[in-house]
Amino acid sequence: MKRTPLSNILLFIVETLLLSLLALSCDNSGSKNRDRPIFPPAVFIADKDLDGIDELYAAFDDGTNIAKLSNKLVVGGDVVSFLVSPDGFFVAYVADQDTDDVFELYVVLVDKTTDDTAVKVSGPMAGTGILKLPSGEYMFDWAPDSSRVAYIADQNTSGVFELFTSTPNGVENDLVSDLPNPLTNPDRDVKYFKWEPKSTLIAYVADQETNDKFELYVSFSDTNVGNRKVSGIPMVGIGVRESPPVPSGEYLFAWAPDSSRLAYIADQDTGDIFELFTSSPGGASNQKLSGPMGINGDVEEFVWAPNSSKIAYLANQLNDLGVELYTTFPNISGFLKISADLVAGSNVTGFLWAPDSSRIAFIANKNVSKFALYTTSPDDNNNVLVSSNLINKDVFSFAWAPNSSRIAYISDDIKTGVLELFTTRPASFGVIKISGNLVAGGDVFEFEWAPNNSRVAYTADQDQDDVLELYTSTPEGISNDILSGVMVPGGDVQDFKWAPDSSGVGYRADQDIDNVIELFASQPNGNENIMLSGTLVKDGNVLAFDWVP
């Protein structure tokens, strides 16, 4: 056999490596990147195919591939609400799909094929179906681990709303609340529920034992065996506090992020005096955490620290001067007032924990005529003013960066009555205006941090008065970009949401045709503005959307 010279072998190897590197280079800068979608999939409700018939869709490959997720609807039927599962595999949706005006729960794969179909996971409905709150929200939610979906419905008895869960395939449908026989004990209902972060348990509010006394219960997620009341015994007043404005249908209770305890506000010890309590999930340990209330005193709201170490709450507790901010440990009686220097007529109006639990930011009018932004440690009342100290300048809303590095807020810091967007440091004064220069009459309206902290997206009539457009800015204000496309006369951005990987921002707008709301997305710097919803039927609109994780 003829032997190949070594020099030829070496030359072949070198040529092969060069060709491989060239191909790799082309792939990295050329067709492979162009073919890869810029944005993750999005799910949306629209009357896309038939005007006035709202159905569920998923947009893939930056809107070039759109799949209808909902099944064929009965005459008069519509999809009214949906939730993507936390793992991104499923979508649960509420629709009167099979019977007009009977709202049932369905689950479908996000990436369904032509052979897939949505599965009805709720049982046969005796009544009108899934509970609808006064806000328009339907009461259903995924377990954090996506293993089950829970919902409140009058499934077994018309007009009696109970709590159920189902597996995503609909094979298991379980009653988890334990209301008494409606024939002998009428007018009992489950009002509201929340999943345990570990997905094993569900807490809910119901007048399960006494009519119109709304107490807190815990159940396993797949049975009502072992169902137990965890709010205190006896409940002197009406029970767990309903979130204002009443009627809201929402109740003030929450799991600790680590699932260790439940906190709730109730008039448990004294009728019409609402205090803060916690309980173990089994109900064996029930503890009042707030202190003695002043005249007309109540706990108004509370939030767990993200690390579950403490609870912060608002109350007009020690006197009748106003609403102040307190912290407490979750299972030890004792509290600390962490807002300082409030006078008669001043109040703390809102607060948020830093995501790393290191500090709490809050708005207060310490000098009555000005609502400013402060932060403090949860362990002391050394308040730090982090917004401007100008008189008659107010902070209206704020949000922490996901990494707790800065706080963004809307204020009329520069010109009274003109709302602009700022960021500041969390423990010292360091205010920077990050919204662009506004036209006369312009204001910033809403904002949201990117999940990776890189930018803040916001809506404003920044360039044209009364034309609401979408922008982003870096947290230090170095770069400010418009994300929405050129608006037709009368066009506006309706709402927006960051993609979970921070690759872009999705938004609804009548950008191309006035009064026709479509779904768009742009990269964070405004590049690659595209339509995700595809062509809509005449007079069709996108009603709601969300990204797939």
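Things worth noting here:
- Single condition D35 does not satisfy, out of (1) modelled with pLDDT of 95 or more; (2) open to solvent by 70 Å² or more (accessible area, probe 1.4 Å): (1)
- Among the residues of region 113-139, the ones that are surrounded by 16 or more Cβ atoms within 10 Å (Cβ to Cβ) and within 27 Å of the chain's Cα centre (by Cα) come to 12 in all.
- Extreme residue, nearest to the chain's Cα centre (by Cα), among residues of region 44-78 that are under 16 Å from Y106 (Cα atoms) and among the small types (G, A, S): A58
- Filtered by the rule that a residue be assigned to a loop (DSSP other than H, G, I, E, B) and crowded, with 18+ Cβ neighbours inside 10 Å, region 101-112 gives V102, V110.
- Flag for G350 being open to solvent by less than 60 Å² (accessible area, probe 1.4 Å) and without any contact (Cβ under 8 Å) to a residue 12 or more places away in the chain: no
- Within region 445-473, restricting attention to residues that are hydrophobic (A, V, I, L, M, F, W, C) and outside any strand (DSSP E or B), the residue that is surrounded by the fewest Cβ atoms within 10 Å (Cβ to Cβ) is V467.
- Selection status of G291, part of a loop (DSSP other than H, G, I, E, B), over 25 Å from F140 (Cβ atoms) and open to solvent by less than 60 Å² (accessible area, probe 1.4 Å): yes
- Once region 165-179 is narrowed to residues that are surrounded by fewer than 21 Cβ atoms within 10 Å (Cβ to Cβ) and touching an Asp or Glu at 6+ places or on another chain (Cβ under 8 Å), the residue that is nearest to L133 (Cα to Cα) is L175.
- Test: residue in region 522-537 that is at positive phi, modelled with pLDDT of 95 or more and of a type in the set (S, T, Y): no
- Qualifying residue in region 369-379 (condition: assigned to a loop (DSSP other than H, G, I, E, B), aliphatic (A, V, I, L, M) and crowded, with 18+ Cβ neighbours inside 10 Å): no
- Neighbours by Cβ (under 8 Å, 6+ apart or cross-chain): first from region 181-201, in a loop (DSSP other than H, G, I, E, B); second basic (K, R): P182/R188; S199/R148
- So T278, is it crowded, with 20+ Cβ neighbours inside 10 Å, in contact (Cβ under 8 Å) with a residue 12 or more places away in the chain, within 27 Å of I414 (Cα to Cα) and among the polar types (S, T, N, Q): no
- In region 491-512, residue most open to solvent (accessible area, probe 1.4 Å) [restricted to those that are closer than 20 Å to T535 by Cα and assigned to a loop (DSSP other than H, G, I, E, B)]: D512
- Residue list for region 380-389, filter: farther than 25 Å from A460 by Cα and in a loop (DSSP other than H, G, I, E, B): D380, N381, N382, N383
- Residue match in region 9-24 (condition: crowded, with 22+ Cβ neighbours inside 10 Å and either at pLDDT 95 or above or more than 19 Å from V119 (Cα to Cα) (or both)): no
- Within region 48-89, if we keep just the residues that are assigned to a helix (DSSP H, G or I) and of a type in the set (D, E), the residue that is surrounded by the fewest Cβ atoms within 10 Å (Cβ to Cβ) turns out to be D61.
- The number of residues in region 390-416 being open to solvent by 50 Å² or more (accessible area, probe 1.4 Å) and either assigned to a strand (DSSP E or B) or modelled with pLDDT under 95 (or both) comes to 7.
- Residue count for region 513-530 under the criterion of being assigned to a strand (DSSP E or B) and touching a Leu at 6+ places or on another chain (Cβ under 7 Å): the result is 5.
- Between A126, A153, the distinction of being assigned to a strand (DSSP E or B) and in contact (Cβ under 8 Å) with a residue 24 or more places away in the chain belongs to A153 only.
- All positions within region 197-241 that are of a type in the set (D, E) and open to solvent by less than 40 Å² (accessible area, probe 1.4 Å): D207, E215
- If only residues of region 342-365 that are part of a loop (DSSP other than H, G, I, E, B) and within 18 Å of S428 (Cβ to Cβ) are counted, the one that is nearest to the chain's Cα centre (by Cα) is A354.
The values are calculated or read from the model by the stated rules, or taken from the named source; none is laboratory data. The structure displayed is predicted, hence computed values, not measured ones. Every residue, glycine among them, receives a Cβ derived from its backbone with ideal geometry; neighbour counts consider all protein chains shown. For the accessible areas, the whole protein counts, side chains as well, though only heavy atoms, and no ligand, DNA or RNA atoms are used. Shrake-Rupley method; radii C 1.70, N 1.55, O 1.52, S 1.80 Å.
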